[in-house]
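Notes to accompany the following structure.
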Amino acid sequence: MKDTNEMKLIFDSCSANEGFARVAVASFMTQLNPTLEEVADVKTAISEAVTNSIIHGYENEIKKIEIRCLTKGKTIYVEICDKGKGIENVEKAMEPLFTTKPELERSGMGFAFMEAFMDKVEVSSVVGEGTTVKMEKIIGKGRSAWNTQSL
């Protein structure tokens, strides 16, 4: 049996596609037999990253967002890329409650949520060129023998 699988999506940066991105990645990760909580965690992280691209990267202009996913063993690796304006100070942007759009009632918790729900998050960005968010999550690591056996 093959230990890896991958997919790539390219879609317009309109807010209606945020839900599409969540569901597409959730569907792709089902091959790892995740719990509902693990699916919800990944969907939340995807939503935050895609929303950041739409609102901050492209400032609501319609451009392209790319998602690449890879499963290897029991881990899902996700990369979300935009070619937007980039982040001037990634470290500052990743601080909880920091937002560059307070007038839009942004909470500044996007990266904090990604870090809370995924096992690893890396952000790289170049001003004027775009941002890439890489995330990974090991599926099944929180399961005990009790909840994987049938009664």
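Ordered from highest to lowest accessible area with the whole protein assembly present and a 1.4 Å probe, PHE117, PHE111 read as PHE117, PHE111.
As a test of reading the structure, rank ARG22, ARG68 by solvent-accessible area (1.4 Å probe, protein chains only), most first.
Working: ARG22 65, ARG68 85 Å².
Result of the area sort, largest leading: ARG68, ARG22.
By the rule of a C-alpha distance below 20 Å, with chain neighbours fewer than 8 residues away ignored, the aspartates and glutamates paired with LYS120 are GLU6, GLU37, GLU38, ASP41, GLU48, GLU66, GLU79, ASP82, GLU91, GLU95, GLU136.
For a modelled paramagnetic label at GLU129, 7 Å from Cα along Cα-to-Cβ, the residues of the stretch 59-98 in reach, with backbone nitrogen under 16 Å, are 81-90. Subtracting the Cα-Cα distance of ILE138 and ASP12 from their residue separation scaled by 0.36 nm leaves 42.5 nm.
The gain in end-to-end length when the ASN5 to LEU70 segment is fully stretched comes to 22.8 nm, 0.36 nm per residue minus the alpha carbon separation. Classify the stretch 1-100: rounded, prolate or oblate, from the alpha-carbon gyration tensor (a ≥ b ≥ c, eigenvalue square roots; a/c under 1.5 rounded; otherwise prolate if a/b is larger than b/c)? Prolate.
The values are calculated or read from the model by the stated rules, or taken from the named source; none is laboratory data. Nothing here was measured: the structure is a model prediction, and the numbers come from that model. When we count neighbours, we look across all protein chains shown, and the Cβ atoms used for this are built from the backbone with ideal geometry, even at glycine. In case anyone asks, the SASA skips ligands and DNA or RNA and just uses the protein heavy atoms, side chains included. Shrake-Rupley method; radii C 1.70, N 1.55, O 1.52, S 1.80 Å.
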